[in-house]
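The values are calculated or read from the model by the stated rules, or taken from the named source; none is laboratory data. Everything numeric in this text was worked out from a predicted model, so none of it was measured. When we count neighbours, we look across all protein chains shown, and the Cβ atoms used for this are built from the backbone with ideal geometry, even at glycine. Surface areas here come from the heavy atoms of the whole protein model, side chains and all, with no ligands, DNA or RNA. Shrake-Rupley method; radii C 1.70, N 1.55, O 1.52, S 1.80 Å.
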Amino acid sequence: MTPRFRNVRRIGPVQVATFLARGRNRHLAACTAPRCDFSAEYGSRPAAELAARTHRCKA
């Protein structure tokens, strides 16, 4: 089943979203820049937003 993302927010080139996985809220930060492979899953929204704010693209 594909996760349904909600509360999506863009911070620079990174999108932060919340989704439900195994009955728990999880948070995802993923860079949308071409050829940038950054994406990470976090247990808290502030951690995902911090990762988005401090991310530097390699591309």
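Search segment 29-58 for residues being of a type in the set (Lys, Arg) and assigned to a helix (DSSP H, G or I), and hand back the single one that is least open to solvent (accessible area, probe 1.4 Å).
Arg45
Kindly list, by first and then second residue, each pair from a residue in segment 10-25 that is touching a residue at least 24 places away in the same chain (Cβ under 8 Å) to a residue that is of a type in the set (D, E, K, R), limited to pairs with Cβ atoms under 7 Å and residues at least 6 apart or on different chains.
Filtered contacts from segment 10-25: Ile11/Glu49; Ile11/Arg53; Val16/Arg9; Val16/Glu49; Thr18/Arg6; Thr18/Arg45.
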